[in-house]
């Protein structure tokens, strides 16, 4: 099986199915996808001498903390953000607190946060 065929198969899956696959692979191989993130950040260019704490964070995780009073509006927002169906979006919202998107740029993270907040949710950027 080629990398391309694996990518094509993943593109046909919903975000919920991909998330379940990742969890199963982590359990089966006793690894964590999150454990690789610090390596990528440490290797990122631009963190030169003297910058240290002054360097701005470049990637963010958008976490849905609370649904708020308008669950339906939050489900619609999640559906739009993730490009999934209503059922998949409801599954994500029902799992709150839940990471909606991980490793996104500052502008995209702010845009996602604003959509969710406008829908009535409480959101955190990590």
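Highest mean first, the peptides 8-16, 104-112, 92-100, 59-67 sorted by other C-beta atoms within 10 Å per residue fall in the order 59-67, 92-100, 104-112, 8-16.
Across region 57-126, Cα-Cα pairs more than 15 Å apart make up 43 percent of the total.
Read the figures in this text as sums done on the coordinates, not as results from a lab. Since this is a predicted model, take the numbers as computed values, not measurements. A quick note on method: Cβ atoms are made from the backbone with ideal geometry, for glycine too, and the neighbour counts reach across all protein chains shown.
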